[in-house]
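What follows is a single structure, written as structure tokens, with notes after it.
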Amino acid sequence: MTSLPIPFIKRMQAQLGQEFEDFQASLDTIPPVSIRLNPNKNGQVPNQELYDGQIPWCSDAYYLKKRPTFILDPHLHGGSYYVQEASSMFLQTVLRQLQADGFTPTRALDLCAAPGGKSTLIASFLPATSLLVANEVIKTRAAILKENLIKWGQDNVVITNSDPSRFSTLSGAFDLILVDAPCSGEGMFRKDEKAIEEWSENNLRLCEERQKRILTDIWPALRPNGFLIYSTCTYNPLENDGILDWLMDKFNATPIAIQQDFPGITRMRHGVQFYPHKTRGEGLFMGIVQKNDGEDLRLKKEKQNTPRIKLSESTKQLLPDLSGYTTYCTGKTLGIIPTRHAGFIQLLDNTANIIYKGCEIGEEIKGMLKPSPALALYSKLRQDQTQQMPLDLPNALQYLRREDLHGEIPAGDWLLLTYQNTTLGWGKKVGDRLNNYYPKEWRIRNA
Ligand code: SAM
């Protein structure tokens, strides 16, 4: 391992005292591997013989004995599970605490969301009536976030690619905001040597300034009594408790103690800290504050000036009961969003750069649907209304590499390709060949 920066060692020695040696030794051990299952899919996972215990602070989540070649598992591509670092999944415990106190968010914002680990967790946790806005400022990372959330298969999610400042005009829009802030990444030292190389005292200061800027930008968008969850993957107190001290000094907010008694998790002044020598996971800080003032968002009643888009009967058959949904059309692509959030999504569209919303269905050409990749991955797709082609592992991987398949292909129009009940995407029979409609940008490369 690259040697640790001396000022980092000195600070951690002061922070951890006698524990420092154990901490340092833990950085030379192999990082645990963990996955979280998708409760809305049929939950096919890597070989269960690989399971190495449940993650104590998150349901449906497991440690694995070793790291499989995830990229060669079609269930991963079908969104049946997400590979996520275990400490990060503590977010579920925090959400459960808020829920136990009677809090159900109408609208949640995950502000720094790519690649989507915490967004997929929040999406699984929220009731279907809530909306999650997952935002990522960096365009290339926003594309990965979009891919991961489409594969996760829910329709109550909107994805945006905007700077946090774009949300400041949405006063009181969200009752829950997660700021999983860009940080100095000390908690990733074991997993990522680059984090060590990039560490400098100057960078710590830049991170702190950026965290303050992000929080200042987003604070107005939190509604009164709403909760902001702040997290980082660093041990630097100035980016953790220090930022929450600053936030409470600057804004009218109250810290909320995180109630948990899992062994090894360290209680800090305002939040909790995970250390790799004390829990099976990487370094993480998480804290909650509640906003005491501000204004609520007042949504104007939506004007019905756009004509309702009608879907053909054959398209409707593929979808859940549409009474709670509104159909939209972006370019030629049709999609659905939950009607209860349509007014808000319209407002958001004026402010932020929406790159995906609800579930894209596809394009109707003379009443016939050319289905979108997202529809194949939609957890509410009525699979019994589709014609399916189950694939074995070599063929599933060939499909995911975006190569055409040959051999015995069922007759019919659009075929839904599946692997052990996990849906992957669409194909179309042409002669004795299956044309592959898997998105180019998602295909497996070099594996
Ligand atoms: N929440 C993600 C997850 O669980 O998969 C990880 C988020 S990562 C810790 C922080 C994210 O913040 C990165 O995706 C990064 O691109 C983004 N970011 C970087 N600079 C930012 C800024 N100035 N404002 C908002 N987000 C920023």
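Taking strands (runs of 3 or more DSSP E) that do not extend beyond the range 196-279, which have at least 1 residues that are within 15 Å of the ligand (Cβ to nearest atom) and either modelled with pLDDT of 95 or more or farther than 30 Å from Q54 by Cβ (or both)?
Working: elements: 222-232, 253-256, 271-274.
Qualifying strands (runs of 3 or more DSSP E): 222-232, 271-274.
There is no residue in the range 165-180 that is in a helix (DSSP H, G or I), under 23 Å from Q92 (Cα atoms) and not β-branched (V, I, T).
Of the strands (runs of 3 or more DSSP E) contained entirely in the range 43-127, those carrying at least 2 residues that are of a type in the set (S, T, Y) and touching a strand residue (DSSP E or B) at 6+ places or on another chain (Cβ under 8 Å) fall at 61-64, 81-83. Of the residues making up the range 150-183, those that are under 24 Å from V33 (Cα atoms) and away from the ligand (no atom under 11 Å from the Cβ) are I150, K151, W152, G153.
Look at T279 and say whether it is surrounded by fewer than 15 Cβ atoms within 10 Å (Cβ to Cβ) and either hydroxyl-bearing (S, T, Y) or under 24 Å from G117 (Cα atoms) (or both). Please lay out each step first, then the result.
Numbers: surrounded by fewer than 15 Cβ atoms within 10 Å (Cβ to Cβ): no; either hydroxyl-bearing (S, T, Y) or under 24 Å from G117 (Cα atoms) (or both): yes.
Here the answer is no, as T279 does not meet what is asked.
Going through the range 354-381 one residue at a time, which ones are in contact with a helix residue (DSSP H, G or I) (Cβ under 9 Å, 6 or more places away or on another chain) and farther than 27 Å from P127 by Cβ? Result: G362, E364, G367, M368, L369, P371.
For the range 94-120, a residue qualifies if it is away from the ligand (no atom under 15 Å from the Cβ), more than 24 Å from A342 (Cβ to Cβ) and not hydrophobic (A, V, I, L, M, F, W, C), and the qualifying residues are R96, Q97, Q99, D101, G102.
Sort through L369, L347, L381 and tell me the only one that's over 22 Å from H75 (Cα atoms), surrounded by fewer than 22 Cβ atoms within 10 Å (Cβ to Cβ) and under 23 Å from the mean Cα position of the chain (by Cα). Break it down into steps so the answer makes sense when it comes.
On the way: L369 fails: under 23 Å from the mean Cα position of the chain (by Cα); L381 fails: over 22 Å from H75 (Cα atoms).
Selected residue: L347, the only one of L369, L347, L381 that is over 22 Å from H75 (Cα atoms), surrounded by fewer than 22 Cβ atoms within 10 Å (Cβ to Cβ) and under 23 Å from the mean Cα position of the chain (by Cα).
Against the numbered list (1) closer than 23 Å to P182 by Cα; (2) away from the ligand (no atom under 16 Å from the Cβ); (3) among the charged types (D, E, K, R), E136 comes up short only at (2).
For the condition at pLDDT 95 or above, touching a strand residue (DSSP E or B) at 6+ places or on another chain (Cβ under 7 Å) and under 24 Å from N148 (Cβ atoms), what is the one hit in P439, P373? Quick ask: steps written out before the conclusion?
On the way: P439 fails: touching a strand residue (DSSP E or B) at 6+ places or on another chain (Cβ under 7 Å).
One residue alone meets the criteria, P373.
The values are calculated or read from the model by the stated rules, or taken from the named source; none is laboratory data. As the structure is a computational prediction, the values presented were derived from the model and not from experiment. Don't worry about glycine lacking a Cβ; one is built from the backbone with ideal geometry, like all the others, and counts go over all protein chains shown.
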